[in-house]
1. Roughly what angle does helix A:177-203 make with the longest principal axis of chain A, taking Cα atoms, 0 to 90 degrees, to the nearest 10?
2. Let's test this: bin the Cα-Cα distances of region A:44-114 at 10 Å from zero up to the farthest pair and state each bin's percent.
3. Based only on other Cβ atoms within 10 Å, what is the fewest-to-most ordering of A:Met59, B:Met97, A:Met180?
4. Just to confirm my numbers, what's the Cα centroid distance between region B:18-84 and region A:77-135 in Å?
5. For region A:254-266, what does the Karplus curve 6.51 cos²θ - 1.76 cosθ + 1.60, with θ = phi - 60°, yield as ³J(HN,Hα) per residue in whole Hz, taken in order and with x for Gly and Pro?
6. State the antiparallel share, in %, of DSSP beta bridges confined to the protein assembly as shown, rounding to the nearest 5.
7. Starting from the Cα gyration tensor of region B:141-192, take the square roots of the eigenvalues, sort them a ≥ b ≥ c, and report rounded, prolate or oblate (rounded when a/c is under 1.5, otherwise prolate if a/b is larger than b/c, else oblate).
8. For region B:9-150, would you read off the P(r) tail past 26 Å as a percentage of all alpha carbon pairs?
Amino acid sequence: MLQILLGAISLGLIWAILTIGVYITFRILDIADMTVEGSIAMGAAIAATSISNGMSPYMATFLALLGGMAAGFVTGFLHTKLKIPALLAGILTMISLYSINLLIMGKANLSLLRMNTVYTPLENLGLSSTNAVMLFAFLSVLIISGIIYWFFGTELGCAIRATGNNSQMARAQGINTNNMITLGLVISNGLVALCGALIAQSQSFADVQMGIGSIVIGLASVIIGEVIFGKRNFLNCLISLVLGAITYRIIIALVLKMGMPANDLKLFTAITVAIALSLPVFKSYLRPIKRSIKGGDL
Amino acid sequence: MLTIKGITKIFNEGTVNENIALSNFSLTLEEGDFVTVIGGNGAGKSTLLNCVAGVYGVNQGSILIGEKDVTKLPEYKRADVIGRVFQDPMKGTAADMGIEENLALAYRRGKIRGLGWGISNKERQIYKNYLSHLDLGLEDRLSDKVGLLSGGQRQALTLLMATLKKPRLLLLDEHTAALDPKTAEKVLKLSDQFVKEGNLTTMMVTHNMRHAIEHGNRLIMMHEGKVILDIKGKEKKDLTVENLLKRFGQASGEEFANDRALLS
């Protein structure tokens, strides 16, 4: 049982990186970005191919990050320059990435067994593979959260937030909203691909199909995090995202342990997300919001 | 200061819904002019402001701010020199961001946004000072989300944001139309104050004849995408609502078709 729990936590920590990426598009930019499904597999494909060709795992992971950023840029270009609706732009990139990922790997899946990964140095220090993944993922999440927290406090980060919040106001304040949307998508998909690269190395294989459902998992993690751990301020949000991703993995591990067939997993996740997203509707139905109109000065 | 030369704006060109909102429209504003723009429904007032701000491109003609031709510039680039307040109080501010964050966004209008902090402690003092002039108690709520404010407070804040970096041109698009009368008066008073203090060249669209007469040094009335009355100086000072209605009838050959303007 403890082993299952530790496994869930380490997996959750890796997926927390994707969750932060999904949060950037879904909450900050207010876009449901389907590119995620392609860019996570792309990260895995790039990392696995590079490593099996003898590249250093760190360099391979960095390349995966760049690949994801490129994928985000393509979606941003389709959406902002060619005026394709965001959802469709993401789907187009996602579908094309399926072919591109096959081109990168040359086949549908690639094994990394007995090859050096980013976790190998920690394993050499005597850590079990689960613990090595957990430690590495924890440090990665810590560093990434720190950078993201700093970035969204900068002038550029504030401009991205304003764009997602009220694009008309952002333009009136001289912000190039098209560039900000693209930049947000680039950062988000970079993180998603990085997550894919780390997943591939932890499970020792990359699969062209591994992205299916990842956007829903990301959304589930975002929502679980916000509902259980709060969203008072940005720091609180970031912590909630990480804890949300871990909680999601623990829930999945528990329902599998209780005997739910693994094939039903995606249905279970989709229903969870649908219920969580529709909560506001149920709430207003059960308890209509009381409005009070205050008159008077401003 | 602002030169609009023969602009034409056609919506849905070439379809059955074709609508000529502005036709060969020209207008020149001097430095420091405060023009009120009034007209019936569909006269093209808001279209005019949106064309100047760059929300819409124009089909014909050119727009110059100072000596600079801005006709082809996108909205966000024109924002370097233009401050705007919208009719909808929700549109001028970012609801999920703090009061100080909104002001900081406005403070950087026209500057390249880099990786410096989005807001500094030094700025906070400046904002506090400005906010206290609004006399709405906002100076003690710097980090509150703007979404918590009332429509009037948000509109006053938008006004402050539009003028924080002195704009060459201030565009007020029916910015008091969504407010209750008392609040509207207060926001108008603030507008007057800001315009006066900064000697700002201003265009204010309004549906309220009294406001159009009481504010500014020049009044233009629009009808079917054209200027039909242009009243300045002493003549403007002596204007009354009855007088204005009569002159509208003479100039357009129609009754003034805007109930809101007559009732308020």
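1. Helix A:177-203 sits roughly 30 degrees off the main axis of chain A.
2. 20, 42, 26, 11, 1
3. Neighbour counts put them in this order, fewest first: A:Met59, B:Met97, A:Met180.
4. 49 Å
5. 5, 5, 5, 4, 6, x, 6, x, 4, 5, 7, 4, 5
6. Of those bridges, close to 60 percent are antiparallel.
7. oblate
8. 42 percent
Rule-based calculations on the coordinates, nothing more; no lab input. It should be emphasised that the depicted structure is a prediction, and the values quoted were computed from it without experimental measurement. Cβ atoms come from the backbone with ideal geometry, glycine included; neighbour counts cover every protein chain shown.
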